[in-house]
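Asks: My questions will all concern the structure given below.
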Amino acid sequence: MIDLRSDTVTKPDASMRACMAEAQVGDDVYGEDPTVNRLQAIAAEMIGTEDALFCSSGTQSNLLALLTHCGRGDEYIVGQTAHTYKYEAGGAAVLGSIQPQPLEFETDGTLDLGRVEAHIKPIDDHFAKTTLLCLENTQGGKVLPMNYMENAAQFVEQHQLKFHLDGARVFNAAVKLGIDAKDIAAPFDTISVCLSKGLGAPVGSILCGSRDMIKLARRWRKMLGGGMRQAGILAAAGIYALQNNIERLSVDHENASILADGLSSIDEIEISPDSASTNMVFVRTGKRGSGLSTFMMEHGILINGYDNLRLVTHLDVSRKDIERVIESFHAFFKA
Ligand SMILES: *Cc1c(COP(=O)(O)O)cnc(C)c1O
């Protein structure tokens with residue numbers, strides 16, 4: 001099956017599994033798993049922070065950041081469709097008594113800083129205390145412009161806000177811009193990075209930040225039941241992913257681009273202009289798309305829904321697969 005539903009579907013290959021099988025392990029709750037420690041050191045070095053923490057998922061890693069930055073009755077400003085607001089089961093509110101202030105993303109995936117400013121609450125007994133600004137990069141497959149990031153960094157400094165990046169796909173952004181992930185991460189207090197998306201690890205995310213932040217986050221992780229024992233078996237996959245699967249993200253970006261081009265000649269569908277910035281193509285099919293996912297399934301292709309499709313390229317999708325997907329789309333709309 002060619003699975004375009006998400007880059008989370010990637011499976012560990014033989015070399016990654018070999019690293020997992022050979023991993024040295026210890027009890028990570030005692031800080032004694034050498035492979036977890038090595039992963040955390042490598043990730044901190046790559047993201048440019050003092051320390052890092054291996055987490056069970058990006059949802060957990062983002063939640064740890066929120067719990068670390070915000071107390072009960074504090075508020076974070078976040079995108080209306082941001083993962084840290086919309087797709088984490090309300091964890092910040094449920095588990096942290098932290099209030100979200102969601103704002104619409106601009107079309108380029110940024111949050112307008114003027115609108116953010118207008119939503120910072122005055123210090124007054126009526127209001128929650130605005131403490132944190134969260135950004136996402138990539139956001140809906142889009143790479144945030146670096147000059148925006150610089151402005152946002154100045155903005156949080158000026159307003160004394162903490163600054164968190166949901167960088168689930170920050171390496172896609174870095175590869176796309178041809179820069180170091182460190183340069184994107186630099187202004188943030190904490191950065192969450194997924195190992196289990198395009199990087200191909202089976203499990204895990206990394207939270208990066210200062211030694212003090214990570215120490216606090218580690219305690220919250222334990223409280224949430226995320227203190228894992230011989231987790232080195234999983235961390236070994238993360239190390240392999242960071243050492244082997246970053247540069248090749250450009251192949252996924254190229255495949256997304258070829259896919260968007262190949263579909264653009266089908267009159268019945270509309271390709272979003274944001275498509276193929278990195279590894280995602282967004283397609284609107286309208287009513288003409290009903291039956292599309294069943295048809296695709298019969299042709300060995302998995303997609304999600306029909307009217308508003310998100311097609312995601314990743315390391316288990318080859319150039320040849322992309323050609324087959326394009327052919328199948330044409331076949332469906334010709335019929
Ligand atoms: C996938 C994702 C996460 C984390 O997801 P998990 O499935 O919990 O690992 C966080 N933010 C963004 C933007 C994501 O796409």
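Asks: Here is a list: I271, I239, I322. Which entry is within 30 Å of G58 (Cα to Cα), touching a Cys at 6+ places or on another chain (Cβ under 9 Å) and hydrophobic (A, V, I, L, M, F, W, C)? Full working, then the answer.
Replies: Values: I271 fails: touching a Cys at 6+ places or on another chain (Cβ under 9 Å); I322 fails: touching a Cys at 6+ places or on another chain (Cβ under 9 Å).
Only one candidate qualifies: I239.
Asks: When you scan the range 81-100, how many residues do you find that are hydroxyl-bearing (S, T, Y), within 13 Å of the ligand (Cβ to nearest atom) and either surrounded by fewer than 20 Cβ atoms within 10 Å (Cβ to Cβ) or closer than 18 Å to R221 by Cβ (or both)?
Replies: So the answer is 3.
Asks: Just to verify a result, which residue in the range 44-63, among those that are within 12 Å of the ligand (Cβ to nearest atom) and outside any loop (DSSP other than H, G, I, E, B), is surrounded by the fewest Cβ atoms within 10 Å (Cβ to Cβ)? Quick ask: steps written out before the conclusion?
Replies: Kept after step one, since they are within 12 Å of the ligand (Cβ to nearest atom), are these residues of the range 44-63: 55-63.
Cutting the leftovers down to outside any loop (DSSP other than H, G, I, E, B) gives us 55, 58-63.
Details: C55: 28, G58: 27, T59: 19, Q60: 23, S61: 29, N62: 29, L63: 28.
Result: T59.
Asks: Here's a follow-up. On the given criteria, is P122 modelled with pLDDT of 95 or more and either within 16 Å of the ligand (Cβ to nearest atom) or closer than 30 Å to C19 by Cβ (or both)?
Replies: It is false that P122 is modelled with pLDDT of 95 or more and either within 16 Å of the ligand (Cβ to nearest atom) or closer than 30 Å to C19 by Cβ (or both).
Asks: Could you list, in sequence order, all residues of the range 182-203 that are closer than 24 Å to L67 by Cβ and in a helix (DSSP H, G or I)?
Replies: Within the range 182-203, I184, A185 meet the criteria.
Asks: Follow-up. How many residues are in a helix (DSSP H, G or I) and either in contact with a helix residue (DSSP H, G or I) (Cβ under 6 Å, 6 or more places away or on another chain) or within 16 Å of the ligand (Cβ to nearest atom) (or both) when one looks only at the range 153-181? I'd like the intermediate steps shown before the answer.
Replies: Residues of the range 153-181 in a helix (DSSP H, G or I): 153-158, 170-177, 181.
Subsequent filtering for residues that are either in contact with a helix residue (DSSP H, G or I) (Cβ under 6 Å, 6 or more places away or on another chain) or within 16 Å of the ligand (Cβ to nearest atom) (or both) retains 155, 170-176, 181.
Selection size over the range 153-181: 9.
Asks: Of everything in the range 184-203 that's in contact (Cβ under 8 Å) with a residue 40 or more places away in the chain and more than 17 Å from S61 (Cβ to Cβ), which residue is nearest to the ligand (Cβ to nearest atom)?
Replies: G200
The values are calculated or read from the model by the stated rules, or taken from the named source; none is laboratory data. Here the structure is a predicted model, which means the values were calculated and not measured. Don't worry about glycine lacking a Cβ; one is built from the backbone with ideal geometry, like all the others, and counts go over all protein chains shown.
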